[in-house]
Amino acid sequence: MKIVLIGAGSFVFGPSVLLQAIVEQRLDGAQLVMLDVDGEVANLMAGVGNRMARDAGVNIQVIASTNRFDALANADFVINCAARQLYSRFQRDCQITRDIYPEHLITEFGGVQGISYSLRQIALLEEIIADMKKQCPNAWLFNVANPLPRVAQAAHELGIKTVGFCSASQETYAVLWQLFTGEKTHYPWPAPSANWQLTMAGTNHFSWLLQFTEKSTGKDLLPELAAKLRAGASIGQKRSEKLFQQTGCLLFPNDNHTKDFLQPDGTVTDRTMAGHGDASERQARLTLLKDIAEGKSPVDPLLTHRSWEHPLALVAALTRNKPAAFHSLNLINHGQLPQLPRNVFVETPATADARGIVPQTLTLPAPVLPYVQNAAAVSDTIVQAALKRSKRLLRDAIERDPTILDKKRGLAALEACLTAHADVLPTYS
């Protein structure tokens, strides 16, 4: 079995994949390729992986590569967490937008920046898919790269089996635990996950709490939650609380994410992407990787911040028949959310084993349906615009996007962003 990680130099995700493959799933006999444009980081990550394998007594080969085409040869699983100059290009979009449309809310998925970001990511994805079709056409693509549902849908439409991984909605455990008990909890949420069953669905970063039960008794806790909120209790998310008063349902993961899909109302502020480390921090990390690979330092400091996403659990489920349950998986809608179009990616709980992936079928409450339908429609329009190189569809995306209040200036800002990133984008007409 061959697994290729694209973007292996990721500060959080690269080490997490090593931990999952080697320590948690113990994928004996597998080959793991750490692929990154930065050869130094790729080599160091491979060195760390081989050290971890020796320590754990797992027969797994970890190798480094900077050549995507060669690395993908005969792969069974491709994990994508790559972005091309993510932070610098996003900041360029922010500056363009502030110059042309200064009052436009800055978000990651929404608005001018979200559209520009999506187009760049889908352009990079098309290069990856072209290589996969030649080198490993039957491989699975496990996508972690944002904007996740748009990248995943594009991959699916280009003919590759695709699953999207995002666990941001798990923040719900921490929020509700503090509301009910007054105690704080952190990933992997041991107390609330042991006591509660949460069921959530919607689209990525725009997920609604549908079921909330006590595991030991089966008691429905949604009425108690509603009573607390109506009595004035707060979850610290003003927009979600406001929507609860309107719809009777709670939206997660938090206002900083969900604002990407809603009309601005003054309760949230701009969101800018922060880079993972400046030059000095990067050098310190390279030194740590080298020391770990050479056995001079323990591995633990590298794993302080672990990814919440677990794609290797799905690898083990599909290939080793090790059943797995996922709080949320992003999959093409085959009817698991029947009120949404079947060509878009949706987020629901799912289980998996050697027979395949089984998403849970759920019904969205009528009051929240228009919000989710519009979020899905915006994403779908952007994907179609990217794949068809269509400026008309880009204009349609701006018209649909609720975060862009001034459509004329929004279009002007997007045109400027396309020009700024012309070196990595196709030509739209």
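Condition (residue is among the acidic types (Asp, Glu) and surrounded by fewer than 17 Cβ atoms within 10 Å (Cβ to Cβ)) applied to the range 159-173: is it met by at least one residue?
no
Can you name the residue in the range 179-199 that is touching a helix residue (DSSP H, G or I) at 6+ places or on another chain (Cβ under 8 Å) and among the aliphatic types (A, V, I, L, M) and, of all such residues, is nearest to ALA226 (Cα to Cα)?
LEU179
Which residues, counting only those in the range 278-314, are among the basic types (Lys, Arg), under 23 Å from VAL4 (Cα atoms) and part of a loop (DSSP other than H, G, I, E, B)?
The one that is among the basic types (Lys, Arg), under 23 Å from VAL4 (Cα atoms) and part of a loop (DSSP other than H, G, I, E, B): ARG306.
In the range 101-120, what count of residues is obtained for those that are closer than 23 Å to CYS166 by Cβ, of a type outside the set (Ser, Thr, Tyr) and part of a loop (DSSP other than H, G, I, E, B)?
The qualifying residues number 5.
Restricting to the range 226-262, give me the number of residues that are of a type in the set (Lys, Arg) and closer than 16 Å to PRO365 by Cβ.
Summing the residues that are of a type in the set (Lys, Arg) and closer than 16 Å to PRO365 by Cβ in the range 226-262 gives 0.
Please find, among ALA413, ALA420, ALA366, the residue that is crowded, with 20+ Cβ neighbours inside 10 Å and over 21 Å from the mean Cα position of the chain (by Cα).
ALA413
For VAL268, indicate whether it is more than 30 Å from GLU40 (Cα to Cα) and of a type in the set (A, V, I, L, M, F, W, C).
So VAL268 fits the description; yes.
If you check GLN95 against the conditions, is it surrounded by fewer than 23 Cβ atoms within 10 Å (Cβ to Cβ) and either at pLDDT 95 or above or in a helix (DSSP H, G or I) (or both)?
Spelling it out, GLN95 is indeed surrounded by fewer than 23 Cβ atoms within 10 Å (Cβ to Cβ) and either at pLDDT 95 or above or in a helix (DSSP H, G or I) (or both).
Does the range 277-300 hold any residues that are closer than 16 Å to PHE13 by Cα, surrounded by fewer than 16 Cβ atoms within 10 Å (Cβ to Cβ) and either more than 24 Å from the chain's Cα centre (by Cα) or of a type in the set (A, V, I, L, M, F, W, C) (or both), and which are they?
LEU286, ASP300
Looking at the range 251-261 only, could you name the residues that are of a type in the set (A, V, I, L, M, F, W, C) and touching a Phe, Trp or Tyr at 6+ places or on another chain (Cβ under 7 Å)?
The first filter runs over the range 251-261 and keeps only residues of a type in the set (A, V, I, L, M, F, W, C), leaving 251-252, 261.
Selection gives LEU251, PHE261.
Please state which one of MET34, MET45 is modelled with pLDDT of 95 or more and buried (at least 21 other Cβ atoms within 10 Å of the Cβ).
Just a single option satisfies the conditions, and that option is MET34.
Every residue, every condition in (1) part of a loop (DSSP other than H, G, I, E, B); (2) among the β-branched types (Val, Ile, Thr), yes or no:
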site: GLU40; (1), (2): no, no
site: ARG84; (1), (2): yes, no
site: ARG89; (1), (2): no, no
site: ASP99; (1), (2): no, no
site: ILE122; (1), (2): no, yes
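Count, please, the residues in the range 312-356 that happen to be over 18 Å from the mean Cα position of the chain (by Cα) and in contact (Cβ under 8 Å) with a residue 24 or more places away in the chain. Give the derivation first.
First pass over the range 312-356, keeping only residues over 18 Å from the mean Cα position of the chain (by Cα): 316-324, 334-343, 351-356.
Next cut, in contact (Cβ under 8 Å) with a residue 24 or more places away in the chain only: 316-324, 334-341, 343, 351-354, 356.
Residues flagged as over 18 Å from the mean Cα position of the chain (by Cα) and in contact (Cβ under 8 Å) with a residue 24 or more places away in the chain within the range 312-356 amount to 23.
Step by step: first the residues of the range 236-266, then only those that are more than 20 Å from the chain's Cα centre (by Cα) and buried (at least 21 other Cβ atoms within 10 Å of the Cβ), then the one that is nearest to GLY182 (Cα to Cα). Which residue is that?
Here the answer is GLN237.
The values are calculated or read from the model by the stated rules, or taken from the named source; none is laboratory data. Just so we're clear, the structure is a prediction, and the values are computed from it rather than from any experiment. Don't worry about glycine lacking a Cβ; one is built from the backbone with ideal geometry, like all the others, and counts go over all protein chains shown.
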